[in-house]
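S.K.: Here it is, the structure, as structure tokens.
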Number of protein chains: 6
Amino acid sequence: MSDASPPIVVVNPNSDEAVTQAMSAALEGFRLGGGPAIECVTFDDGPIGIMTELHVQEAALRFGQYAQTRPDAGALISACYSQPGVDLARSLTRVPVIGIQDAGVLSALARADLFGVIAVAPGSIPRHLRHLRRLGADRRLAGEVALSEPVSVAESGRGERSFGLLMEAGSRLAAMGAGAVVLGCAGMSGHRARLEAELGIVVIDPTQAAVALALAAILPGQA
Amino acid sequence: MSDASPPIVVVNPNSDEAVTQAMSAALEGFRLGGGPAIECVTFDDGPIGIMTELHVQEAALRFGQYAQTRPDAGALISACYSQPGVDLARSLTRVPVIGIQDAGVLSALARADLFGVIAVAPGSIPRHLRHLRRLGADRRLAGEVALSEPVSVAESGRGERSFGLLMEAGSRLAAMGAGAVVLGCAGMSGHRARLEAELGIVVIDPTQAAVALALAAILPGQA
Amino acid sequence: MSDASPPIVVVNPNSDEAVTQAMSAALEGFRLGGGPAIECVTFDDGPIGIMTELHVQEAALRFGQYAQTRPDAGALISACYSQPGVDLARSLTRVPVIGIQDAGVLSALARADLFGVIAVAPGSIPRHLRHLRRLGADRRLAGEVALSEPVSVAESGRGERSFGLLMEAGSRLAAMGAGAVVLGCAGMSGHRARLEAELGIVVIDPTQAAVALALAAILPGQA
Amino acid sequence: MSDASPPIVVVNPNSDEAVTQAMSAALEGFRLGGGPAIECVTFDDGPIGIMTELHVQEAALRFGQYAQTRPDAGALISACYSQPGVDLARSLTRVPVIGIQDAGVLSALARADLFGVIAVAPGSIPRHLRHLRRLGADRRLAGEVALSEPVSVAESGRGERSFGLLMEAGSRLAAMGAGAVVLGCAGMSGHRARLEAELGIVVIDPTQAAVALALAAILPGQA
Amino acid sequence: MSDASPPIVVVNPNSDEAVTQAMSAALEGFRLGGGPAIECVTFDDGPIGIMTELHVQEAALRFGQYAQTRPDAGALISACYSQPGVDLARSLTRVPVIGIQDAGVLSALARADLFGVIAVAPGSIPRHLRHLRRLGADRRLAGEVALSEPVSVAESGRGERSFGLLMEAGSRLAAMGAGAVVLGCAGMSGHRARLEAELGIVVIDPTQAAVALALAAILPGQA
Amino acid sequence: MSDASPPIVVVNPNSDEAVTQAMSAALEGFRLGGGPAIECVTFDDGPIGIMTELHVQEAALRFGQYAQTRPDAGALISACYSQPGVDLARSLTRVPVIGIQDAGVLSALARADLFGVIAVAPGSIPRHLRHLRRLGADRRLAGEVALSEPVSVAESGRGERSFGLLMEAGSRLAAMGAGAVVLGCAGMSGHRARLEAELGIVVIDPTQAAVALALAAILPGQA
């Protein structure tokens, strides 16, 4: 792949640059010689975290507008678990567009019979379930559980407190029959590998899963 | 990633070395600097093509036995659309095991609302539908169609005749509402990029999709 | 119910005042003595018709914003078949919020075993199917067909040409087993009664269905 | 609508005139100037309550026979949650026929993502689940719970004891994720508004929901 | 099994004694030494054929009443494809009660991936589909087709004309992917074996299937 | 049926002759005068119990090979709950092939609205759930529970300890709404009748259910 190969553009729709930095660090392993660049973008005019339906809808429009400015991209990733703007962006560009909830859940289905989801907060669960129905994946859901204490998006991927909460949630999902756990927020990437090792079942970071699907969309184009 | 990074092992369960060669060529784009090696393996004692349920069952046992000999692998891929031995291998090794039908179909779901499948021969369709029910993806199937003339697995990925047959099948699926088409055989990879360009909708090669999922399973482990 | 009873607010998210007028006329039968007023609102800054995903997303935000300005309403109806902003508005107001696709399809399920949908244009069908999956109603869909010639939203509810196209589509759905037909656009109301009479099966206008559900949400509150 | 406008006929298939009176009172809000009359009918030869499958089957026949005597009706409602005779009556009359379980559940789906049902007694739950499967709504059921103490149909809609039992059941359903609760018996109407206010989520009385759907079937016919 | 072993009672809910005779003949193979007697009963006061919803509902009550008079039975079979009264009878007796639609369809699922149904007349298809949804078997239905010419229930099981119509319908179902065909009427038994031989796929008579399930319910009780 | 009538061949794919003997005893009631012989076969080269995926896969091949040696059979039954080799055998012989999980679950669906499954060990549950999804029966599953203490296959069908464990599991399933319980292992037959009597709900032995379906496949062939 030449230097001019189209990059994978990962959009963090919130304005927290620290979240984008953590995301970029978690994707370091995918930056390979000869492979596409992986750009991580922050929406400076976004909210500090995507917490409400209003945030999701505003981010959707912003993502759609941004998608039109990046015809040079090899793939565009909406890197919030609510994956704002995926349908919209698909209608506005021919560049492949991938949502991280889709990618995370579908990757889990390829690795185990039943999967579970860890939500940052209970309020997100109904929105996630609604999306799983649309996705058609609800029949394989072992369950979804929220962290038992409030954690910010930025905090969710580092530190012992959030790791402990993730272990607690993951253990409950394993007991419910989950063979794979999807991290239900883009900010938890930093704990993925350790969580997988300690839980003993597959743990999937949805942003990493989306980048892998983006690679599949781009790389074979060389042939 | 160091030189000793664990390889992705792609197993062609038939004994046709030419099919393995074509598969390996179609995966060339995934061999990236610093990334895992991608080994393509032929089962010399397999049949020349996986055509029958007996072939599938025999290949399953062979794949399970082989999986036990490769604890060094980063991921194991059962690279026949019937994905023989995936359940078995998962019970015998802790190495991630991925089937290409799962990977192809799930990747299609991440790219479009409805998907279609192109089968090499009509006889495979009931077996595929049965697997889609188990996978839980049947509700999003626009349809599955077989090539309208007999084509060998090896021939299915090269030459104008097989390309024409793929175009005909793909066009029918697009008319049935498919937004993405999965190539229902490991041998069709060679036509993927051109078919996608000419059909104007996403075309997914299941082996490439499986390798992408394998990358996701391996690469983040570095963090 | 007193004069001050809260009104049902029906929002036409496009800027075509003629469409709003037709909608209001089709709801005349629901304006009953002692019942709530039924206001029909045009979004002056909306597009002339909701034709694209971008229109839908922009209308969603506008509907959400508008919802916050109407705490006095008894119910809010998103009166475009793509029902922009229903989830968003629900998160921003305690006033009942109803989408016309939901209302139309669910009313059809209460009247017949299988239902069909008439779309104004083929391009809307994938978006509708996606919503039916989320709604969980896809298992009872006999089929969805588009008008066989282009018709504007405004034109779709009046005149012999559009009536003929509706009859053609409705007849095809009846042949596919539909016992009820949902008009897949807010603009077709004017043809409902005649179409039902001539087809001989139930025909449902989604805006009328939504107003009926709104009445149920408001009226019992008097008790 | 003229004086001769066809009435909505609500059939209480049990012989408890007090239940019919309460039903009629709960529908008072729907009796609007210029709108259809709403007649509530008691089946004098019915059982005092529809408690068994035999009651349901006998009521079905009675409802079918009655339907044939009311070609003058604008709509016929089978106002027992088991909705006896809906299929039968549809085969015998062209008047719209609506069952209250259908109406209640479908209205709930138009108001929230997941719904719950409160049953008067545990013995009804299997019959309800069976109907939800037929209806295709089972995928959106958060759960169904019965009142924890025996309550007669007549008593279920008035008094503090039954209200307390409804609050207990409704709270459990809210904790199971229900965004709307359907009262699983025609007799509970009297508690609807207060229950909705105290639970803080949508509460749907199925008879009111059915009358609203009947209005939608009748009123637009004026146009 | 002693002479006093409880009989399997097969109820033909129509009053056509010739249909009962044909049914009894088709069950001859199940009358085995030491096994239960198989009684075939005609409802003299039933209609000459179960053709309408009213017939079905009346037969349901009659079957329920009859069930209470046969506590001596080993199993009771409602031998009309609409299986009138199965739910009712189950609430009135502890004797196992089996419906022939359930038995036929479920037996087909045990023999092939996808099944088809042959209806005597198109009018029955919506009723059958509704039941398949309740049964949860709709996802494996390849299709249902009606005989292309009117045939009486009695005639449907004998003679070349009805055999030809069955062959035509069965061939269409095979082309739609059915690996097993269920005869959608109790009267077609006489053609089963020949149809299976000529079609080359499994053909299931629902009454025979129900008797087999009844044997399973009775015989192991001896142990 | 003549002496030369084709036998039902029930294959115990493990090598424990005692299990085969118990199976044969539990089928004694099905050996009727004039009916087919019921042969129970042990795979001497099988494992002592089918405990792992590898056992299942090896048994599948063995069952397929055996099926080819028995063109004289009237029906072949794969009598392990994992039903190894059913798909394979169907591709190799025209003799009807029946799996006991299919037969047990489908028979339960013909007897009650919701069913439950008792597994010998927790490790089998994911494999069973996967099969139920493929079967399309997952929507009617009340639940599956494993015996709370380890029991060998041979021991699972006799003695007070295993009976007590079955009662405990069955009671939990009844509390979860199951109207019928399927014994999730071929070895539990000996407890079926007593368990049904003490639990008060239907209990189904899958091997007996499979033999009944085999009778239905064979006996009508006489007509």
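S.K.: What are the principal axis extents of the Cα atoms in the range D:103-205, in Å, biggest first?
M.R.: Reported extents, whole Å, longest axis first: 34, 28, 22.
S.K.: From the phi angles alone, apply the Karplus equation (6.51, -1.76, 1.60; θ = phi - 60°) to the range B:142-158 and give each ³J(HN,Hα) in whole Hz, x where the residue is Gly or Pro.
M.R.: 6, x, 10, 10, 9, 4, 7, 9, x, 9, 6, 4, 4, 6, 5, x, 8
S.K.: Okay, next question. Might you tell me the accessible area per residue for chain D, computed with a 1.4 Å probe and given in Å²?
M.R.: Working: 7150 Å² over 223 residues.
That works out to 32 Å² per residue.
S.K.: On the rotation axis linking copies A and F, which residue of A comes nearest by its Cβ, and by how many whole Å?
M.R.: A:139, 5
S.K.: Hey, another quick one. Would you mind working out the magnitude of the charge dipole of the protein assembly as shown relative to its Cα centre, with +1 at each Lys and Arg C-beta and -1 at each Asp and Glu C-beta, to the nearest 20 Debye? Walk me through the numbers on the way to the answer.
M.R.: Working: 102 positive and 132 negative charges, 1 e Å.
Charge dipole, the protein assembly as shown, about its Cα centre: 0 debye, nearest 20.
S.K.: In addition: Pop out the ³J(HN,Hα) list for the range B:123-137 in order, Karplus 6.51 cos²θ - 1.76 cosθ + 1.60 with θ = phi - 60°, rounded to Hz; leave Gly and Pro as x.
M.R.: Rounded to whole hertz, the list is x, 7, 4, x, 4, 5, 4, 4, 5, 4, 4, 4, 5, x, 9.
S.K.: Measuring from label point to label point, each 7 Å out along Cα→Cβ, what is the residue D:44 to residue C:65 span in nm?
M.R.: 6.4 nm
S.K.: For the Cα atoms of chain C, what angle does the longest principal axis make with the long axis of helix C:53-68, in degrees from 0 to 90, nearest 10?
M.R.: Roughly 30 degrees, rounded to the nearest 10.
S.K.: Considering amide H positions built from the backbone, and no H for Pro or chain starts, which residues 5 or more places from residue A:202, or on another chain, come under 5 Å of its amide H?
M.R.: Sorted by chain and number, the residues that satisfy this are A:181.
S.K.: From zero up to wherever the largest Cα-Cα distance of the range D:4-133 sits, split into 10 Å bins and tell me the percent of pairs in each.
M.R.: Per 10 Å bin, starting at 0, the Cα pair percentages come out as 12, 41, 37, 9, 0.
S.K.: I need the P(r) histogram for the protein assembly as shown: all alpha carbon pairs, bin width 20 Å from 0 out to the longest distance, whole percents.
M.R.: 10, 38, 39, 13, 0
S.K.: Pull up all non-local amide H partners of residue A:40: gap of 5 or more, or a different chain, and H-to-H distance under 5 Å with H placed in the peptide plane.
M.R.: Here A:10 satisfy the definition.
S.K.: Compute, for residue C:117, the solvent-accessible surface of its heavy atoms (probe 1.4 Å) with the complete set of protein chains present, and express it in square angstrom to the nearest 10.
M.R.: For residue C:117, solvent-accessible area is about 0 Å².
S.K.: Something else about it: Take chain A, connect every pair of alpha-carbon atoms lying under 10 Å apart with a spring to form a Gaussian network, then pick out the residue of A:48, A:204, A:118 with the largest mean-square fluctuation.
M.R.: Of A:48, A:204, A:118, the most mobile in the Gaussian network model is A:48.
S.K.: Okay, next question. Note every residue of the range E:56-79 with a reduction of at least 30 square angstrom in accessible area, all protein chains present versus the isolated chain, computed with a 1.4 Å probe, or write none.
M.R.: SASA drop of 30 Å² or more in the range E:56-79: E:57, E:61.
S.K.: Could you state how much accessible area is buried at the A-B interface, both sides summed, with a 1.4 Å probe, in Å² to the nearest 100?
M.R.: Values: alone 9750 and 9730 Å², together 16380 Å².
Interface area, both chains combined: 3100 Å², rounded to the nearest 100.
S.K.: Additional query: Top to bottom by accessible area (1.4 Å), largest first, where do A:11, B:120 land?
M.R.: On the way: A:11 0, B:120 25 Å².
Result, largest first: B:120, A:11.
S.K.: Quick one: among A:98, A:77, A:201, which has the greatest mean-square fluctuation in a GNM of chain A with alpha-carbon springs under 10 angstrom?
M.R.: It is A:201.
S.K.: For peptide E:26-33, what's the mean number of Cβ atoms from other chains within 10 Å of each residue's Cβ? Before the final figure, lay out each step's value.
M.R.: Details: counts 2, 3, 4, 11, 7, 5, 10, 5.
Mean partner shielding for this stretch: 6.
S.K.: State, to one decimal in nm², a quarter of the convex hull surface area for the C-alpha atoms of chain A, i.e. the direction-averaged projected area. Before the final figure, lay out the partial values.
M.R.: On the way: hull surface 46.2 nm².
Over every viewing direction, the Cα hull of chain A projects on average to 11.6 nm².
S.K.: Could you grab the relative contact order for the range B:114-166? Cα pairs under 8 Å, six or more apart, rounded to a whole percent.
M.R.: Details: 51 pairs, mean separation 23.3, N = 53.
Normalised by residue count, the contact order of the range B:114-166 is 44 percent.
S.K.: In square nanometres, what is the average projected area of the Cα convex hull of the range D:62-134? Don't skip to the end; give the middle numbers.
M.R.: Working: hull surface 22.5 nm².
Dividing the Cα hull surface by four gives the mean projection, 5.6 nm².
S.K.: Would you mind giving the mean number of other chain beta-carbons within 10 Å of the Cβ of each residue in A:86-99, as a whole number? All intermediate terms of the calculation are to be shown ahead of the outcome.
M.R.: Details: counts 1, 7, 7, 2, 5, 8, 3, 0, 1, 0, 3, 2, 3, 1.
Mean number of neighbouring Cβ atoms from other chains: 3.
S.K.: Just tell me how shielded F:205-213 is by partners: mean number of partner chain Cβ atoms within 10 Å of each residue's Cβ, no decimals.
M.R.: On the way: counts 3, 0, 1, 6, 6, 2, 5, 12, 10.
The shielding value for this peptide is 5.
S.K.: Could you report the accessible area of residue F:139 in Å², rounded to 10, computed with a 1.4 Å probe on the protein chains as they sit in the structure?
M.R.: About 50 Å², ignoring ligands and nucleic acids.
S.K.: Of all the accessible heavy-atom surface of chain E, with the other protein chains kept in place and a 1.4 Å probe, what percent is carbon and sulfur? Please list the in-between numbers first.
M.R.: Values: 3800 of 7150 Å².
Answer for chain E: carbon and sulfur cover 53 percent of the accessible area.
S.K.: Can I ask one more? Taking amide H positions as placed 1.01 Å from N in the peptide plane, with prolines and chain starts having none, which residues 5 or more places from residue B:34, or on another chain, fall under 5 Å of its amide H?
M.R.: Sorted by chain and number, the residues that satisfy this are A:33.
S.K.: Counting only protein chains, not ligands or nucleic acids, how are E:172, D:111, B:133, D:31 ordered by accessible area (probe 1.4 Å), most first? Don't skip to the end; give the middle numbers.
M.R.: Details: E:172 120, D:111 45, B:133 10, D:31 75 Å².
Heavy-atom accessible area, descending, gives E:172, D:31, D:111, B:133.
S.K.: Oh, and also: Leaving ligands, DNA and RNA out of it, work out the accessible area of residue A:42 with a 1.4 Å probe and give it in Å² to the nearest 10.
M.R.: Estimated to the nearest 10 Å², residue A:42 gives 20 Å².
S.K.: Using the alpha-carbon atoms, what tilt in degrees (0 to 90, nearest 10) does helix B:17-26 show relative to the longest principal axis of chain B?
M.R.: 90 degrees
S.K.: State the extension gain, in nm to one decimal, for the chain segment bounded by residue C:139 and residue C:176, taking 0.36 nm per residue of separation less the distance between their alpha-carbons.
M.R.: Details: separation 37, 0.36 × 37 = 13.32 nm, distance 1.40 nm.
Net length gain for the segment: 11.9 nm.
S.K.: So what's the angle, to the nearest 10 degrees on a 0 to 90 scale, between helix A:160-175 and the longest Cα principal axis of chain A?
M.R.: 70 degrees
The values are calculated or read from the model by the stated rules, or taken from the named source; none is laboratory data. Please read these numbers as outputs of a predicted model, since none were measured by experiment. Every residue, glycine as well, gets a Cβ built from its backbone with ideal geometry; the counts of neighbours run over all protein chains shown. Protein only, heavy atoms only, side chains kept; ligands, DNA and RNA dropped before computing areas. Shrake-Rupley method; radii C 1.70, N 1.55, O 1.52, S 1.80 Å.
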